[in-house]
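Working notes, structure below.
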Amino acid sequence: MFGSSEMTPEKMYNLICSAFAHAGYKYETDPANKIVKSVFQGDDLPICLVAKVDQMSVALDCILAFETEEPKYMELSWNLNLINNKSAFGSFRLDPEKGCVYYHYAYVFAGAKPSERLMLSLVKMVVDTVDQHDGDLKKIANVSVDPYSHMFA
């Protein structure tokens, strides 16, 4: 039957924790909300990963290590769209209320039998994708302190 699985949210949460422990990752947990957090060092910026388990899926989100402001939203959105258009998995998103960019990937475990190896592979894919693009996105997102500085460049 669709949606039924031997894998429960609790088992999925424990599988992620076990995978991270066996891989030697440093991580924090929030068992009540089934959240696992870890930080990976990218080429130029730290990459903060949050894995959140719900009833049938795991959301792997990375909030990029910079903030932006409204004057850059249009240019940033355009570039996020160009990146997402070429991406086979997940997407970069702009949260205008928080002024941040994050990468989101969801894995549906309902009816599946995921392994630690699969979860580590998905984490690597997410972190590598963020690492590939975060430096360029940061350059676009930065807002000049002096609004007239572009006039004298």
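List of remarks:
The rows are residues; the columns are (1) within 16 Å of LEU49 (Cα to Cα); (2) among the aromatic types (Phe, Trp, Tyr); (3) in contact with a Leu (Cβ under 6 Å, 6 or more places away or on another chain); (4) in contact (Cβ under 8 Å) with a residue 12 or more places away in the chain.
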residue: MET74; (1), (2), (3), (4): no, no, no, no
residue: TRP78; (1), (2), (3), (4): no, yes, no, no
residue: ILE83; (1), (2), (3), (4): no, no, no, yes
residue: VAL101; (1), (2), (3), (4): yes, no, yes, yes
residue: HIS104; (1), (2), (3), (4): yes, no, no, yes
residue: VAL108; (1), (2), (3), (4): no, no, no, yes
residue: LYS113; (1), (2), (3), (4): no, no, no, yes
residue: LYS124; (1), (2), (3), (4): yes, no, no, no
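- Residue within region 68-78 that is modelled with pLDDT of 90 or more, surrounded by 12 or more Cβ atoms within 10 Å (Cβ to Cβ), among the aromatic types (Phe, Trp, Tyr) and out of contact with any Lys or Arg (no Cβ under 9 Å at 6 or more places or on another chain) present: yes
- None of LEU64, LEU45 is buried (at least 19 other Cβ atoms within 10 Å of the Cβ) and under 17 Å from the mean Cα position of the chain (by Cα) except LEU64.
- Matching residues in region 92-128 - criterion: being buried (at least 16 other Cβ atoms within 10 Å of the Cβ) and more than 20 Å from ALA19 (Cα to Cα): PHE92, LEU94, GLY99, CYS100, VAL101, TYR102, TYR103
- Selection count where residues are in a loop (DSSP other than H, G, I, E, B) and touching a helix residue (DSSP H, G or I) at 6+ places or on another chain (Cβ under 9 Å), scope region 24-40: 3
- Only a single item in (1) within 19 Å of LEU45 (Cβ to Cβ); (2) in contact (Cβ under 8 Å) with a residue 40 or more places away in the chain is not met by LEU94, and it is number (2).
- Of the strands (runs of 3 or more DSSP E) that lie entirely inside region 41-126, not one contains 3 or more residues that are of a type in the set (S, T, N, Q) and within 23 Å of ASN142 (Cβ to Cβ).
- Residues in region 83-124 that are more than 23 Å from GLU67 (Cα to Cα) and charged (D, E, K, R): 5 in all.
The values are calculated or read from the model by the stated rules, or taken from the named source; none is laboratory data. Just so it is clear, the model here is predicted, and its values are computed rather than measured. Here the Cβ is made from the backbone with ideal geometry for all residues, glycine too, and neighbour counts use every protein chain on show.
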